[in-house]
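What follows is a set of notes on a single structure, which appears directly below.
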Amino acid sequence: MHPLLLLFLLATTTEVSWPAFLGAGATPLDPATLPLRWSPTENVAWQTRLPGHGQSSPVIFGDVLCLTAVEGPMKDTCHVLCLSVSDGRERWRHSLASSDPVENSLYVSRAAPTPVVDAHGVYAFFESGDIVALAHDGRPRWQRSLSREYGRFSNRFGLAASPTHLEDRLFVLVDDEGPSYLVALSKADGATLWKQDRTSRTSWSSPAVVTIDGQPQVVVSSAGTVDAYDPATGTRLWTLDGLGGNTAATPIDVGTGRFLVGASAGREGQNAEGARRSNLLLTATRQADAWAPQVLWRTQRATPSFGSPVVHGACAYFVNRAGVVVCLDAATGEPHYEERAAQSVWATPLCVGDRVYLFGKDGTTTVIAAGPRWQVLAENVLWDPDSVAVDPAAAAREATEERRRGAAMFGGRTQYGIAAVNGTLLVRTGDVLYCLRDAPAPEGDTR
């Protein structure tokens, strides 16, 4: 077993429930405890207003959750918040001044990277390049500005890549039109352990740690290639090139060294040709002292958009911004069905037990039965659309027609990200966090 993987397994505690983006490394969920149905008046245990705006998902350690937000006309202030999972009360807040203020616009990312949490604290990364480590009581441990040290970020839509981690180190991806790189930082003091420069490219995908043939690898799917790196040294192990449209979806580990790669045609269809060959199931094989990628199957029928494709049981699910759900055989890539959820879906689906949760952009979650046949189990509306104030002038203030069209997509309340622990679903919008739980049965009710 690889030494870093062994140390990680030894250090992992049962306290960590949902430690990173997309629940990477999360403790197993009991599907019977999660709510199937909710509404504004049913099974909402609590909701709390958040400062500023954020697109990151919560992370959970025991009974505490952490998430991020930015605030101010130039995204001047970056917030890290710690709340109680039980009742939503704020336990502490750490705020820092942005080291690279940029206009706070509907058109660009706003606190999009999801933090990482472990037994020592929380690690939060912002599109300003600021990264901060905080103890579980909110005390700062260390702070750096990657944009000041390695060059200002250059991406017209902002940065969205979430850090990931393995044992004693964080992995941060910066892929944009300026200096692009993957860097490993020490969790203990923030020191650079290694840095691998990459070809400049525009992308918003996040790295993932995938164990292949007993060796953990940091896998990056981004704007034309999939690359894998040794987490200990940063050495690039292998590359799959010739792809297109893989700029948003994170590689999803599906077990036994296999992972899904997703690619989108883009809002205007500009990546359609590349995306047709870039939605696939991938692994890598060791040949003597070298690694080589191996494509297990490709699909031209299924493409995601902002979220990532997932595998659950024998099925793979791809969901796009139009709410189209394509279910494939996970082993072969052969299609089972193509149906449509109630709304556009931006978040990555959550698969638990016999359910797949599809979190609609505008607050309606379609819950479907896991498996090769389409069956809607519930459609849950989280808020009354008439109760959400929308500022049409915000999009109108953008300088170009392209920016105004893009900003209009982000103008309302949006289900951006989720986290889950037994009995609880957390749903994050830009400025509200919802906690969903089955309400206890009335006393004497034996159902």
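The values are calculated or read from the model by the stated rules, or taken from the named source; none is laboratory data. This structure is a prediction, so every number in the text was calculated from the model and none was measured. Note that each Cβ is placed from the backbone with ideal geometry, even for glycine, and that neighbours are counted across all protein chains shown.
Scan the range 217-256 for residues that are in contact with a helix residue (DSSP H, G or I) (Cβ under 7 Å, 6 or more places away or on another chain), surrounded by fewer than 23 Cβ atoms within 10 Å (Cβ to Cβ) and of a type outside the set (A, V, I, L, M) and the total you get is 1. Candidates are the residues of the range 164-194 that are surrounded by 16 or more Cβ atoms within 10 Å (Cβ to Cβ) and of a type in the set (D, E, K, R); the one that is farthest from A119 (Cα to Cα) is D176.
Restricting to the range 359-378, count the residues that are over 20 Å from R267 (Cα atoms) and either of a type in the set (G, A, S) or surrounded by 17 or more Cβ atoms within 10 Å (Cβ to Cβ) (or both). Residues in the range 359-378 being over 20 Å from R267 (Cα atoms) and either of a type in the set (G, A, S) or surrounded by 17 or more Cβ atoms within 10 Å (Cβ to Cβ) (or both): 10 in total.
Go through the range 321-351 and report how many residues are under 17 Å from the mean Cα position of the chain (by Cα) and not in a loop (DSSP other than H, G, I, E, B). The qualifying residues number 3.
Does A69 fit the bill of being more than 30 Å from R355 (Cα to Cα) and among the aliphatic types (A, V, I, L, M)? For A69, the condition - more than 30 Å from R355 (Cα to Cα) and among the aliphatic types (A, V, I, L, M) - is met. The residues on offer are P231, P304, P216, and the sole one that is in contact (Cβ under 8 Å) with a residue 24 or more places away in the chain and within 30 Å of G371 (Cβ to Cβ) is P304.
Evaluated against (1) over 24 Å from A228 (Cβ atoms); (2) at pLDDT 95 or above, S180 falls short on exactly one condition, (1).
In the range 277-312, the qualifying residues are those that are out of contact with any Lys or Arg (no Cβ under 7 Å at 6 or more places or on another chain) and aromatic (F, W, Y), and the one that is nearest to V325 (Cα to Cα) is W297. Across the range 98-123, the number of residues qualifying as closer than 20 Å to S154 by Cα and of a type in the set (A, V, I, L, M) comes to 5. The numbered conditions (1) at pLDDT below 95; (2) in contact with a helix residue (DSSP H, G or I) (Cβ under 7 Å, 6 or more places away or on another chain) are all true for R397 except (2). If you check A184, A133, A160, which single one turns out to be among the aliphatic types (A, V, I, L, M), within 22 Å of S98 (Cβ to Cβ) and outside any loop (DSSP other than H, G, I, E, B)? So the residue among A184, A133, A160 that is among the aliphatic types (A, V, I, L, M), within 22 Å of S98 (Cβ to Cβ) and outside any loop (DSSP other than H, G, I, E, B) is A133.
Scanning the range 257-285 for residues that are over 22 Å from the mean Cα position of the chain (by Cα) and modelled with pLDDT under 95, we see that the one that is surrounded by the fewest Cβ atoms within 10 Å (Cβ to Cβ) is E268.
If the Cβ limit is 6 Å and pairs must be 6+ apart or interchain, which residue in the range 142-154 that is surrounded by 15 or more Cβ atoms within 10 Å (Cβ to Cβ) pairs with which residue that is assigned to a loop (DSSP other than H, G, I, E, B) and of a type in the set (A, V, I, L, M)? Close Cβ pairs (under 6 Å, with a partner that is assigned to a loop (DSSP other than H, G, I, E, B) and of a type in the set (A, V, I, L, M)) amount to F153/L159.
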